Amino acid sequence: MNPSRMAQMTALGADWWNDSGIPSELGEAVALGAVGGTSNPVIVSQAAKANPQLCLPILERLMRHHPHDTEDDLAWKMIQELGQASAKQLLPVYEATKGMKGFLSMQVNPKFYPNKDLMVAQAIQLAALAPNIAIKAPANDVGIAAMEEMTARGIRVNATVSFSVAQALAVSAALERGLKRAKAAGLNADAIRPYITIMIGRVDDQLKRVAEAEKIATAPGALDWAGIAVFKHAHQLFKASGRPGTLLAAAYRHEGHWSQIIGREVLQTVPYTWWTKFNVSATAPRLTIDEPVDGAILAELRAKFPDFIKAHDADGMPPAEFVRYGATVHTLNQFLGGYADLVAFVRAAMVR
C-alpha cells in the first residue's frame with residue numbers, strides 16, 4: 001500500500017486545499033495536511049443533492065426559523081452555515097499559522113458578475129462569518145474592480161473564473177492597488193495575502209471543445225498539457241516579478257494536473273474525489289512547478305489553437321475580452337446553472 005501521497009506533498013512544503021462543500025470531507029483533508037478549502041455554487045448544489053441527510057435538516061431548521069424567507073434567502077443561509085462549519089474545521093490551521101493559512105474561500109453569487117457593488121456588499125457580509133474567510137469573485141473586468149475594492153477594505157480575496165496569464169496579471173495589478181489603499185487606510189496590508197486561481201482543467205476543456213468542433217487533430221495527450229503550461233508560465237512571471245497574489249491551481253481532470261505543478265510558492269485546491277485518488281497514486285510527489293512543458297507540445301498548441309495563445313501569453317487578452325473567452329462563458333453558465341439547481345433544491349423543500 002502506498003503511503004499517503006497528499007501527506008508527502010505537505011512534507012515537501014507544497015500546500016494544498018480541499019475543494020468541497022462538505023465539512024467532513026474537509027476534515028479528512030486537514031488530517032492529511034490540507035491548509036485551506038474552497039467552495040462554489042456548483043459544489044454546494046452537488047453537496048445538497050448527494051448528501052440530503054446533511055443539507056435537508058439544516059434547510060428544514062432554517063425554514064422553521066425564517067418562515068417568510070424567499071428560496072434565495074434560504075439558499076444563502078444554508079451556504080453560510082456550511083461555510084461556517086468548514087471555516088471552523090480550518091480554524092486550528094489559521095491560529096497555528098497566525099492567520100497566514102487556514103482560509104475557506106466562499107464565492108459571491110454568480111448572478112452578480114456584472115455588478116461590482118453587489119459583489120462588494122456580499123463580500124463584506126460573507127467575510128464577517130468567520131475570521132478565516134476569503135472571498136471568491138470572477139476575474140472579469142467588473143469582478144477585478146470589485147476585488148480591488150474588497151482588498152482595499154481588508155478582505156482577503158481569491159480570483160476565480162480565471163484561466164489565463166493575462167487575467168492573473170490583471171488581477172495582481174488590481175490587488176496591488178487595493179493593498180496600497182488598504183495600507184493608506186491604516187490596515188495591515190501584509191496580512192491580507194490574496195489568491196489568484198487558474199482553472200487549469202477548464203483551459204484543457206476549452207481547447208478540447210474547439211478541437212471537437214473544428215475537427216482539429218492533435219498528438220495524443222497534448223491537450224492535457226494546456227492548463228499546466230498556462231499555470232507554469234504564470235508562475236515564472238510571478239516568481240520573477242514578486243507581484244502580489246499566490247497562484248492557486250483548480251479544476252482537475254487527470255493526475256498530471258496534480259503531479260506537474262507541485263511547488264512551495266503555489267497552491268492547489270483539489271476536489272475531494274480527486275485528491276483521494278491522488279492519495280493512493282503510484283506517482284510519488286516531487287517539486288515539479290519549475291519543470292518546463294515539452295517544447296513540441298507548446299509549439300503544437302500555439303500553432304493550432306488561438307485560444308491557447310489567449311490563455312498562455314501575458315498579452316493574450318485585454319480585460320474587456322475576459323468575460324467573452326470561451327472558458328469564461330462555459331464556466332459562468334455552469335456556475336449560474338449550479339446556483340439555479342441549488343435554489344430549486346430549496347424550492348422543492350419549501351413547497352412539498
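The values are calculated or read from the model by the stated rules, or taken from the named source; none is laboratory data. Please read all numbers here as calculations on a predicted model, not as lab measurements. Methodologically, a virtual Cβ is constructed for each residue, glycine included, from the backbone with ideal geometry; neighbour enumeration extends over all protein chains shown.
Entry remark, the stretch 132-149: residues being farther than 20 Å from THR331 by Cβ and within 17 Å of the chain's Cα centre (by Cα) number 2 in total.
Evaluating ALA303 against the criteria (1) at pLDDT 95 or above; (2) under 22 Å from ILE43 (Cβ atoms) leaves one unmet condition, (2). The residue list GLY27, GLY13 contains one member that is surrounded by fewer than 22 Cβ atoms within 10 Å (Cβ to Cβ), in contact (Cβ under 8 Å) with a residue 24 or more places away in the chain and either among the aromatic types (Phe, Trp, Tyr) or closer than 18 Å to THR246 by Cα (or both), which is GLY13. ALA311 - would you say it is touching a helix residue (DSSP H, G or I) at 6+ places or on another chain (Cβ under 8 Å), surrounded by fewer than 14 Cβ atoms within 10 Å (Cβ to Cβ) and of a type outside the set (Asp, Glu)? In short, no. Does THR283 satisfy being touching a residue at least 60 places away in the same chain (Cβ under 8 Å), among the β-branched types (Val, Ile, Thr) and in contact with a strand residue (DSSP E or B) (Cβ under 6 Å, 6 or more places away or on another chain)? Answer is no for this residue.
So which residues in the stretch 222-266 are of a type in the set (Ser, Thr, Tyr) and either assigned to a helix (DSSP H, G or I) or under 30 Å from LYS180 (Cα atoms) (or both), if there are any at all? So that I can check it myself, show each step before the final result.
Just the residues of the stretch 222-266 that are of a type in the set (Ser, Thr, Tyr), to begin with: 241, 246, 252, 259.
SER241, THR246, SER259, listed by residue number.
Scanning the stretch 19-71 for residues that are outside any helix (DSSP H, G or I) and more than 24 Å from the chain's Cα centre (by Cα) turns up HIS66, PRO67, HIS68, ASP69, THR70.
Residues of the stretch 209-267 that are farther than 24 Å from ALA134 by Cα, among the acidic types (Asp, Glu) and in contact (Cβ under 8 Å) with a residue 12 or more places away in the chain: ASP224, GLU255. Among the residues of the stretch 189-206, is any of a type in the set (Asp, Glu), without any contact (Cβ under 8 Å) to a residue 40 or more places away in the chain and surrounded by 19 or more Cβ atoms within 10 Å (Cβ to Cβ)? The answer is no, given that none of the residues of the stretch 189-206 is of a type in the set (Asp, Glu), without any contact (Cβ under 8 Å) to a residue 40 or more places away in the chain and surrounded by 19 or more Cβ atoms within 10 Å (Cβ to Cβ).
All conditions in (1) surrounded by fewer than 18 Cβ atoms within 10 Å (Cβ to Cβ); (2) in contact (Cβ under 8 Å) with a residue 24 or more places away in the chain; (3) more than 23 Å from the chain's Cα centre (by Cα) hold for LEU74, with the sole exception of (1). Counting the residues of the stretch 193-221 that are part of a loop (DSSP other than H, G, I, E, B) and at pLDDT 95 or above gives 8.
Based on this model, can you work out whether PRO285 counts as buried (at least 19 other Cβ atoms within 10 Å of the Cβ), part of a loop (DSSP other than H, G, I, E, B) and not hydroxyl-bearing (Ser, Thr, Tyr)? In short, yes. Of the candidates PHE322, PHE308, the single residue that is assigned to a helix (DSSP H, G or I), in contact with a Leu (Cβ under 7 Å, 6 or more places away or on another chain) and modelled with pLDDT of 95 or more is PHE308.
Total residues in the stretch 97-119 satisfying the condition of being part of a helix (DSSP H, G or I) and either in contact (Cβ under 8 Å) with a residue 40 or more places away in the chain or under 18 Å from the mean Cα position of the chain (by Cα) (or both): the figure is 4. Can you find, within the stretch 213-254, the residue that is surrounded by the most Cβ atoms within 10 Å (Cβ to Cβ) among those that are of a type in the set (D, E, K, R) and under 24 Å from ALA299 (Cβ atoms)? By that ranking, first place goes to LYS232. Residue-level check: of (1) in a loop (DSSP other than H, G, I, E, B); (2) under 16 Å from the mean Cα position of the chain (by Cα), LEU129 misses just (2).
Only one residue in ASN109, ASN158 is at pLDDT 95 or above, crowded, with 23+ Cβ neighbours inside 10 Å and among the polar types (S, T, N, Q). Which one?
It is ASN158.
Screening ALA174 with (1) among the hydrophobic types (A, V, I, L, M, F, W, C); (2) crowded, with 23+ Cβ neighbours inside 10 Å; (3) modelled with pLDDT under 95 gives one miss only, at (3). Selection of the stretch 137-154 for residues being surrounded by fewer than 24 Cβ atoms within 10 Å (Cβ to Cβ) and either out of contact with any helix residue (DSSP H, G or I) (no Cβ under 6 Å at 6 or more places or on another chain) or in a loop (DSSP other than H, G, I, E, B) (or both) yields ARG153, GLY154.
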